[in-house]
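Colleague: Submitted below is the structure of interest, expressed as structure tokens.
The values are calculated or read from the model by the stated rules, or taken from the named source; none is laboratory data. Keep in mind the model is a prediction, meaning the values are calculated, not measured. Cβ atoms come from the backbone with ideal geometry, glycine included; neighbour counts cover every protein chain shown.
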Amino acid sequence: MKKLRKPVSVWILSFVIFLLLLSSSGVSDACEITIDLQEKTKTVYHVNDEVILKIGVFLTHRNCPEGIDTTTYKTENLEVIGATNWEEKSTNYFERLIKVKLIDSESGESVLHVLRTCDKEGGYDSLKIVVDPAV
């Protein structure tokens, strides 16, 4: 009986397809984070202005091992004055408002960084606000 052999190109193509499927199956951010000005009423912000920021976090994986309260913040040239509690607006989507005060800096900008860290990649976003030092 004669054995049938597949051409080498078929084996290579099958291997490449397998690698593509393997690499795209499950590597994604666990969280999609957004930061927006709640109301963009100004085109120029000044030192000591108070601004309300809306933070949204969508948990891509339904069984995230980290609670929403493990979300961390880093600030540059702004002071957090207050914040609402996290509120689940829809399934796996949370929002919170943060009130900040813009502080004087040489860089002329204030930045809020929002970070989530977990074993499923986590998530990150930041928002820069240009601050005119003249009062």
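Colleague: Could you list all residues from the stretch 49-72 that are touching a residue at least 40 places away in the same chain (Cβ under 8 Å), exposed (fewer than 15 other Cβ atoms within 10 Å of the Cβ) and either in a strand (DSSP E or B) or not polar (S, T, N, Q) (or both)?
Modeller: GLU50, PRO65, THR72
Colleague: Against the conditions (1) over 14 Å from the mean Cα position of the chain (by Cα); (2) modelled with pLDDT of 80 or more, where does TRP11 fall short? Just the number, please.
Modeller: Failing condition for TRP11: (2).
Colleague: Which count do you get for residues in the stretch 35-47 that are outside any strand (DSSP E or B) and either without any contact (Cβ under 8 Å) to a residue 60 or more places away in the chain or over 20 Å from ASP132 (Cα atoms) (or both)? First the steps, then the outcome.
Modeller: First, the residues of the stretch 35-47 that are outside any strand (DSSP E or B): 38-44, 47.
In the following step, the residues that additionally are either without any contact (Cβ under 8 Å) to a residue 60 or more places away in the chain or over 20 Å from ASP132 (Cα atoms) (or both) were identified as 38-43.
Number satisfying all stated conditions: 6.
Yes/no per residue for (1) at pLDDT below 95; (2) over 30 Å from VAL131 (Cα atoms); (3) in contact with a His (Cβ under 8 Å, 6 or more places away or on another chain):
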position: SER28; (1), (2), (3): yes, yes, no
position: ILE33; (1), (2), (3): yes, no, no
position: ASP49; (1), (2), (3): yes, no, no
position: LEU53; (1), (2), (3): no, no, no
position: LEU59; (1), (2), (3): yes, yes, no
position: ASN63; (1), (2), (3): yes, yes, no
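Colleague: Run SER107 past the list (1) in contact (Cβ under 8 Å) with a residue 24 or more places away in the chain; (2) in a strand (DSSP E or B); (3) of a type outside the set (Val, Ile, Thr) and report the number of the one that doesn't hold.
Modeller: Here SER107 meets the rest and fails (2).
Colleague: Additional query: Could you check the stretch 76-94 and list, in sequence order, the residues that are surrounded by fewer than 16 Cβ atoms within 10 Å (Cβ to Cβ), in a strand (DSSP E or B) and of a type outside the set (Lys, Arg)?
Modeller: Of everything in the stretch 76-94, those that are surrounded by fewer than 16 Cβ atoms within 10 Å (Cβ to Cβ), in a strand (DSSP E or B) and of a type outside the set (Lys, Arg) turn out to be GLU76, GLU79, VAL80, ILE81, GLY82, ALA83, GLU87, GLU88, SER90, TYR93.
Colleague: Within the stretch 95-109, can you find the residues that are exposed (fewer than 15 other Cβ atoms within 10 Å of the Cβ) and among the hydroxyl-bearing types (Ser, Thr, Tyr)?
Modeller: SER107
Colleague: Among the numbered conditions (1) modelled with pLDDT under 95; (2) surrounded by 15 or more Cβ atoms within 10 Å (Cβ to Cβ), tell me where LEU112 comes up short.
Modeller: The one condition LEU112 does not meet is (1).
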